[in-house]
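Notes to accompany the following structure.
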Amino acid sequence: MKIVLQNLTKIFPSRNKKVKDEVVAVSDFTFEIPDGKLIGLLGPSGCGKSTTLYMISGLQKPSGGKIFFGDDDVTGLSAENRGVGLVFQNYALYPHMTVKQNILFPLQNLKGKDKLPKDVMIERAYTAAKLVQIDNLMDRKPSELSGGQQQRVAIARALVKMPKVLLLDEPLSNLDARLRLQTREEIRRIQKETGITTIFVTHDQEEAMSISDLIVVMKLGVVQQIGAPQDVYDDPTNLFVAKFLGTPPINVFDGRVEGEKLYIGDAAVLDVPGVSDQPVTVGIRPEGFNIDPNGTFVCNLQNVEIMGRDVSVVSTNEASLNPVIRSIVNSDNKIEMGETVTFSLKSHKVFLFSKEDESRIYF
Amino acid sequence: MVESKHRWKAWLYLAPAIILLLIFTVWPIINTLHMSVQEGYNQSLAVAGHEFEYGFGNFERVIEYDNFITCLKNTMILCVLTVPLSTILALVIAVCLNSIKPLSRFLQTIYFLPYVTNSIAIGMVFAAMFNIVGNNIGNENELITTAGIINNVIEFFGGDPVNWINAGSSYWANITVMTIYIVWNALPFKILILLGGLQSVNKQYYDAAKVDGTSRFRVFTKITVPLLSPMIAYVVITGFIGGFKEYSSIVGIFGEKMGPTGADGSLNTMVGFIYNAIESQQGTASAAALILFGIIFIVTMINLYVSKKKTHY
Ligand SMILES: Nc1ncnc2c1ncn2[C@@H]1O[C@H](COP(=O)(O)OP(=O)(O)OP(=O)(O)O)[C@@H](O)[C@H]1O
Ligand SMILES: [Mg+2]
């Protein structure tokens, strides 16, 4: 089922009537989430990701805008009647129920014609538990589970009623690195198997990039960019998005454009046809550097880290806004350990941003 | 662990409390034990130097009193009626109060008022409310026409007035009045405890329940009550202990005769029995006090045992 968000806005009113300090948690969010896709909702802490999920689930009322499930306007529908599955940031498992009772609970709530016979309920609970591999823990209480196990119980509880929409609020935040990798692939697999339209909130860009069909990058309640992970990475609309995506992070420099040439420091490093003369912020992806004795971009070499296939070159430059410049080059390049290293740049890995509003300047 | 050289300091800080406890709690208990096992102990004789034989005669005498059985029965009936009733009512009121946003502070204060009001005073008000309607003769043959608001209400709705507490009233009418009074009096404390418990329940469980499509009734029975079960257990246990010590509420409504006119003592309780005996037969009173202690102890143990099985955490 597709989900349509129309100008979705959430404003938390200020507590103090005299001081105007209302929080705009989500501002004018418009997006059509295609049926059966996994969407990564990405942004730094406090940017309104959870609030967006709560509005879609019906737990919070939007201050403005509309939400559609398929063609039905559900904006006024209460959470009980929306039938979404939601995994909370801190799971919210019922502490007095066993794992089995927790997973059964949403099924036991079904009324009227949806009511299921007992054995069907049990069967479905076990199917959901198997999906997240906790079927051997069914008789434990949540307090007797590890964080990762609790998380999976929460996912099973959300999945058991076969919701048409699954919302996951940072479901992997408490897992260790390996389990995280494993669980996110599991979530991807489950999502593909069931075809449930899923929104996955995270502030880990790598996580979002690796499993999402589409990612939505938010900042302070405002959507910055929506697109396939690779497209957003290759073509960020502003400095924030460029900085937010990618490990190692993008290298940022002070620069200027003069006569359709980009200068970093005194060196003309790239032709930028069609850009008027102005100071700019330059973003260069780590993989955007070539080691090239004939290049024009000279940096002070600090360190070379060999990482098997690739080589990470750590250098510095006065114009750099990051403490060091990280560039990743193919290990075929022989690097002379000297005082300096000279680069030429791949133009499709170089992004220019306006100094004024950090928006992208295309060339 | 406290380091041993600092231990005397710890004792020093505890000393005032320990000394007070020894004087006002431990010593009276020992004294009670001692008095209870001296046959027919009586303080004025003891002061005059009389020696009493040791034995369990006091206990036998207490149990053989018809009066004692009445007291025990009254106490039990009141406990069994009032504790569940007040707990359930308090739970419902606490849940309602917790879900009301405007005026919640104000309403909480109102519900707490009976707690800080003297129970004898409340009893007198209740006695006035449950009086016979209309032509009750007051002092010097004056006619009290405003008495008995409850019966006025019953009559207004076309019912027959009931003799609740006056001379000739039935035992069960008396018990009804006592139950209403005790429940009403017990509510504030229970509401306070349960409301505190409710306010500390993580709101996210309710959000989760909403997303799971849970009906209000199921939220109450499957989530609120289990999560509150430690507080409910506490309220029930203290309720039973309080119930077994019921006394001043009866005095409040029926006066020290512990019953309607012409049926003195018909509503007497265990504590009432002890007070009656305390003036002349301290040995019997002590034995009765110890029996009461034993009963409360056993009931509390049963309570604790049940609540351990039923509460979660
Ligand atoms: N009930 C509330 N009342 C007032 N402000 C709120 C409330 N809930 C959230 N906010 C504010 O709204 C903004 C967005 O909050 P939200 O919980 O959606 O952030 P988030 O993106 O989920 O962050 P995180 O990654 O830390 O979970 C924050 O600035 C937060 O302080
Ligand atoms: Mg959040």
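Here the condition is being out of contact with any Leu (no Cβ under 6 Å at 6 or more places or on another chain) and at pLDDT below 90; of A:Thr237, A:Thr316, A:Thr247, it holds for A:Thr247 alone.
Within the stretch A:69-92, being surrounded by 18 or more Cβ atoms within 10 Å (Cβ to Cβ) and facing chain B (nearest Cβ under 7 Å) holds for A:Ala79, A:Gly83, A:Val84, A:Leu86, A:Phe88, A:Ala92. Per this entry, A:Pro117 is counted among residues that are more than 16 Å from ligand 1 (Cβ to nearest atom), more than 23 Å from A:His96 (Cβ to Cβ), out of contact with any strand residue (DSSP E or B) (no Cβ under 7 Å at 6 or more places or on another chain) and at pLDDT 85 or above. A residue that is without any contact (Cβ under 8 Å) to a residue 60 or more places away in the chain, within 11 Å of another protein chain (Cβ to nearest Cβ) and open to solvent by 10 Å² or more (accessible area, probe 1.4 Å) occurs nowhere in the stretch A:29-40. Of all the residues in the stretch A:123-173, those that are within 16 Å of ligand 1 (Cβ to nearest atom), in a helix (DSSP H, G or I) and within 20 Å of the chain's Cα centre (by Cα) number 1. Evaluating A:Lys66 against the criteria (1) touching a strand residue (DSSP E or B) at 6+ places or on another chain (Cβ under 9 Å); (2) open to solvent by less than 50 Å² (accessible area, probe 1.4 Å); (3) away from ligand 1 (no atom under 16 Å from the Cβ) leaves one unmet condition, (2). Selection of the stretch B:216-239 for residues being open to solvent by 20 Å² or more (accessible area, probe 1.4 Å) and at the interface with another protein chain (Cβ under 7 Å from one of its Cβ atoms) yields only B:Arg218. Evaluated against (1) within 14 Å of another protein chain (Cβ to nearest Cβ); (2) surrounded by fewer than 16 Cβ atoms within 10 Å (Cβ to Cβ); (3) more than 21 Å from A:Ile33 (Cβ to Cβ), A:Ala177 falls short on exactly one condition, (1).
Residue by residue, here is whether (1) at pLDDT 80 or above; (2) open to solvent by 40 Å² or more (accessible area, probe 1.4 Å); (3) under 30 Å from B:Tyr275 (Cα atoms); (4) part of a helix (DSSP H, G or I) holds:
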| site | (1), (2), (3), (4) |
| --- | --- |
| B:Cys79 | yes, no, yes, yes |
| B:Lys101 | no, yes, no, no |
| B:Arg105 | yes, yes, no, yes |
| B:Leu113 | yes, yes, yes, yes |
| B:Ile120 | no, yes, yes, yes |
| B:Phe126 | yes, no, yes, yes |
| B:Ala147 | no, no, no, no |
| B:Gly159 | no, no, no, no |
| B:Val162 | yes, yes, no, no |
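With respect to B:Met258, is the statement that it is of a type outside the set (Phe, Trp, Tyr) and either open to solvent by 40 Å² or more (accessible area, probe 1.4 Å) or touching a Cys at 6+ places or on another chain (Cβ under 6 Å) (or both) true? Against the criterion (of a type outside the set (Phe, Trp, Tyr) and either open to solvent by 40 Å² or more (accessible area, probe 1.4 Å) or touching a Cys at 6+ places or on another chain (Cβ under 6 Å) (or both)), B:Met258 does not qualify.
Any chance the stretch A:93-107 includes a residue that's buried (at least 19 other Cβ atoms within 10 Å of the Cβ), within 13 Å of chain B (Cβ to nearest Cβ) and hydroxyl-bearing (Ser, Thr, Tyr)? Looking for residues that are buried (at least 19 other Cβ atoms within 10 Å of the Cβ), within 13 Å of chain B (Cβ to nearest Cβ) and hydroxyl-bearing (Ser, Thr, Tyr), one finds at least one in the stretch A:93-107, hence yes.
How many residues does the stretch A:201-242 hold that are part of a strand (DSSP E or B) and not aliphatic (A, V, I, L, M)? The total comes to 6. Quick test for you: out of A:Asp310, A:Asp254, A:Asp277, pick the one residue that is open to solvent by 10 Å² or more (accessible area, probe 1.4 Å) and touching an Asp or Glu at 6+ places or on another chain (Cβ under 7 Å). On inspection, the qualifying residue turns out to be A:Asp277. Selection of the stretch A:323-345 for residues being over 13 Å from A:Phe289 (Cβ atoms) and modelled with pLDDT under 90 yields A:Ser331, A:Asp332, A:Lys334, A:Glu336, A:Met337, A:Gly338, A:Glu339, A:Thr340. Of A:Pro293, A:Pro248, A:Pro273, all but one fail to be in a loop (DSSP other than H, G, I, E, B) and touching a Pro at 6+ places or on another chain (Cβ under 7 Å); the exception is A:Pro248. Just wondering, is there one or more residues in the stretch A:224-240 that are open to solvent by 10 Å² or more (accessible area, probe 1.4 Å), farther than 25 Å from A:Val350 by Cβ and over 10 Å from the mean Cα position of the chain (by Cα)? No, every residue in the stretch A:224-240 fails to be open to solvent by 10 Å² or more (accessible area, probe 1.4 Å), farther than 25 Å from A:Val350 by Cβ and over 10 Å from the mean Cα position of the chain (by Cα).
The values are calculated or read from the model by the stated rules, or taken from the named source; none is laboratory data. Predicted, not measured: the structure shown is a model, and the values here were computed from it. Using ideal geometry, Cβ is built from the backbone for each residue, glycine included, and neighbour counts are taken over all protein chains shown. The protein model used for the area step is the full one, side chains on, heavy atoms only, and it has no ligands, DNA or RNA in it. Shrake-Rupley method; radii C 1.70, N 1.55, O 1.52, S 1.80 Å.
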